[in-house]
Amino acid sequence: MSVSFIKEELPHYIEWRDNLMEASARFAIGESYTGKVVWDASAMPHGLIGGSTGSGKTGLLRCIIHQAIKKHWNISVLDFKGGGDYTTVERQYQDLAKDYGPFIISEAEEARQLLMGLTIEVKGRLAAFKEAGVSNIEEYNARGRERFVPWLLVVDEAAELLDVKPKDKAEKEMYSEIDHYLRTLARLSRAAGVHILMGFIRPSADVLDGQIKNNLLWRVCGYFSDPAASRIVLDSERATELPPEVKGRFIVGEEETQAYYFPVPPIAVEAEDGGEAEREPSAPASPAEQGTT
């Protein structure tokens, strides 16, 4: 038995700084009572992030995407809410990877094409590993040959892909292919350096079946009032014990964690004289603003 005494509560707000970056396929997530929390994508290649509306799930995804951009990874975001939550990191990505292709995908047919292309890419990488006599992307890149770039695939609100009621035969076939490609990537892409993060506002057993869930080994969960939703993500009810008023508070693995907040750059808005002015986007209140110490 390990017994710990908590001297101070976790802060309600920790702003992201680039000096928090981790090397290689490791991503800084936040601070827990035992120290810094890190997602090691080389050990747990795919992840599941759940949380009710307003829990800070999208902010956490945005922070991870920012780190992947700084690492010069390939990135694709499937966001069927229109993509507005990721426009700032999209601009950051396009500055580094001009003419690479769409960063945010909000249409089902484009998602099908991307997932099909990623499946072909993964199978091609695995064939190259076999020919080179290596087992994964790290060993292959260490040989000094052609270098494969890791790929981060973010599926925000995955229920929009996995819980669709098709209207006709053609749409049914399209969503069936999307489901097939996602399952294939979840099974095969670990060694190939393709990492999947799926976000859910309201996970259910109908949407998140065992085959996909069992491949999403890294688990993060924000506040849920429903114990069933917490059990689906964490296999426990710990998410119901989180403070619902604190944005960015998650259970990561086994630890209560305050996630880093990646500040959104000022948004250019049209000024009264026809030019552009800078407007600061809204951010979580600091501990002082929340009346805490």
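Bear in mind that the values in this text are calculations on the coordinates, not laboratory data. In this text the structure is predicted, and so the values were computed from the model without any measurement. Cβ placement follows ideal geometry from the backbone for every residue including glycine, while neighbour counts extend to all protein chains displayed.
More than 19 Å apart: what percent of Cα pairs in region 112-166 qualify? Could you put the intermediate results ahead of the total?
Values: 651 of 1485 pairs.
Result for the distance tail: 44 percent.
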Study note, to complete from the structure: Under the rule rounded for a/c under 1.5, else prolate if a/b exceeds b/c, else oblate, using alpha carbon gyration tensor axes a ≥ b ≥ c, region 213-261 is classed as oblate
Exercise for review: Could you work out the relative contact order of region 28-279, using alpha carbon pairs under 8 angstrom and six or more residues apart, expressed as a whole percent?
Suggested key: 30
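Using only helices, what value at 222 nm comes out for the chain when you add -39,500 (n - 2.57) per DSSP H run of length 4 or more and divide by the total residues, to the nearest 500 deg cm²/dmol? Working shown, then result.
Details: 8 runs with 91 residues, N = 293.
That calculation yields -9500 deg cm²/dmol at 222 nm.
Assign one of three labels to region 134-261, namely rounded, prolate or oblate, based on the Cα gyration tensor with a ≥ b ≥ c the square roots of its eigenvalues; rounded applies when a/c is under 1.5, prolate when it is not and a/b is larger than b/c, and oblate otherwise. Walk me through the numbers on the way to the answer.
Values: a/c = 2.40, a/b = 1.21, b/c = 1.98.
Cα axes put region 134-261 in the oblate bin.
Please state the equivalent ellipsoid semi-axes for region 77-195: what are the square roots of 5 times the Cα gyration tensor eigenvalues, largest first, in whole Å? Can you show the working numbers first?
Numbers: eigenvalues 155, 77, 22 Å².
In descending order, the three semi-axes are 28, 20, 10 Å.
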Revision key, fill the gap. With a 22 Å threshold on alpha-carbon distance, the violating pairs from Lys123/Lys167; Lys57/Lys213; Lys81/Lys123; Lys123/Lys165 are Lys123/Lys167; Lys81/Lys123; Lys123/Lys165
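For a footprinting-style exposure proxy, rank Lys57, Lys247, Lys172, Lys71 by other Cβ within 10 Å, fewest first.
Numbers: Lys57 26, Lys247 22, Lys172 13, Lys71 18.
The most exposed by this proxy come first: Lys172, Lys71, Lys247, Lys57.
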Check your understanding: What nm value, rounded to one decimal, do you get for the distance between Asn214 and Tyr33 when each label is placed 7 Å out toward the C-beta?
Key -> 3.4
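Which FRET efficiency value, to the nearest 0.05, is calculated for Arg183 and Ala142 with the Förster distance at 30 angstrom and r the Cβ-Cβ distance?
0.50
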Practice item. Taking 7 Å along the Cα-to-C-beta vector as the label spot, tell me the Lys130-Ala43 distance in nanometres, rounded to one decimal. Key: 3.0
Check your understanding: Does region 178-234 classify as rounded, prolate or oblate by the C-alpha gyration tensor (a ≥ b ≥ c root eigenvalues; a/c under 1.5 gives rounded; else a/b over b/c gives prolate, otherwise oblate)?
Key -> prolate
